[in-house]
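Here the structure is laid out as structure tokens; the discussion comes afterwards.
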Amino acid sequence: MRKGHKTLAASVAAVLLIVVLTIVGYRQIQKGVWAEEAAAERRALEETPLVEAEKIVPFYGKELMMVVHGKTESGQPGYAWVTDSEVRFARADEGVAESFVRAETIRRQPSADIRRVSLGMYRGWHAWEVLYTAEDGSGQTRTYYDYYRFNDGELLETVKLKA
């Protein structure tokens with residue numbers, strides 16, 4: 001084998017090794033998250049009216065919570081808030097929709113660039129958390145969290161992160 005071919009073969013082997021190690025590392029890191037999600041799904045299906053889980057979203061508040069989005073036996077959408085200590089449930093029609101809190105955020109802050117909307121808990125309430133950036137009074141772009149109560153859409157608090 002010529003020198004150029006050996007260098008090419010070594011480079012290809014190094015790249016393949018990096019790819020394999022990255023995949024193995026990612027799987028190792030995610031294994032814990034996947035186990036938490038599977039446990040939350042199992043508890044939600046056992047302890048609430050949900051019979052199908054469509055999506056599981058982690059929420060990081062005072063404690064890690066998994067919010068399971070799913071459907072009941074009658075096909076109604078619902079949500080389960082799952083922590084280590086409890087499981088809470090609400091049908092989607094018992095609260096406001098994600099579209100409502102998005103529109104409310106834009107109404108209150110027209111320059112808002114919404115980055116994420118997720119269900120969680122805020123001060124004991126089922127709540128929508130809206131993460132967005134917007135210009136403050138000085139023209140700087142800041143990051144904000146709005147918390148809306150799930151059952152009636154009332155704004156609970158706006159948290160402005162430091163620049």
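The values are calculated or read from the model by the stated rules, or taken from the named source; none is laboratory data. Not measured: the values here are computed from a predicted model. We place every Cβ from the backbone using ideal geometry, glycine too, and count neighbours over all the protein chains shown.
Quick notes on this structure:
- Hey, Val57 closer than 24 Å to Thr158 by Cβ, in the same structural domain as Phe150 (by TED's automatic domain parsing) and among the hydrophobic types (A, V, I, L, M, F, W, C) or not: no
- Any hit, the range 105-115, residues being in a strand (DSSP E or B), surrounded by fewer than 16 Cβ atoms within 10 Å (Cβ to Cβ) and of a type outside the set (A, V, I, L, M, F, W, C): yes
- Within the range 146-162, residues that are touching a residue at least 12 places away in the same chain (Cβ under 8 Å) have Cβ atoms under 6 Å from residues that are assigned to a loop (DSSP other than H, G, I, E, B) in these pairs: Phe150/Gly95; Asn151/Gly95; Gly153/Val96, counting only partners at least 6 apart in sequence or on another chain.
- Selection over the range 15-31 of residues that are within 19 Å of the chain's Cα centre (by Cα) and modelled with pLDDT of 65 or more gives a count of 1.
- Of the numbered criteria (1) outside any strand (DSSP E or B); (2) surrounded by 13 or more Cβ atoms within 10 Å (Cβ to Cβ); (3) polar (S, T, N, Q), the one Ser118 fails is (1).
- Among the residues making up the range 34-50, those that are over 18 Å from the mean Cα position of the chain (by Cα) and not charged (D, E, K, R) are Leu45, Thr48, Pro49, Leu50.
- Of the residues in the range 124-145, at least one is of a type in the set (Gly, Ala, Ser), under 21 Å from Ala90 (Cβ atoms) and surrounded by fewer than 13 Cβ atoms within 10 Å (Cβ to Cβ).
- Across the range 83-141, the qualifying residues are those that are farther than 26 Å from Ala38 by Cα and touching a helix residue (DSSP H, G or I) at 6+ places or on another chain (Cβ under 7 Å), and the one among them that is modelled with the lowest pLDDT is Ala112.
- Among the residues of the range 121-163, the one identified as under 13 Å from Val96 (Cα atoms), among the small types (Gly, Ala, Ser) and in a strand (DSSP E or B) is Ala127.
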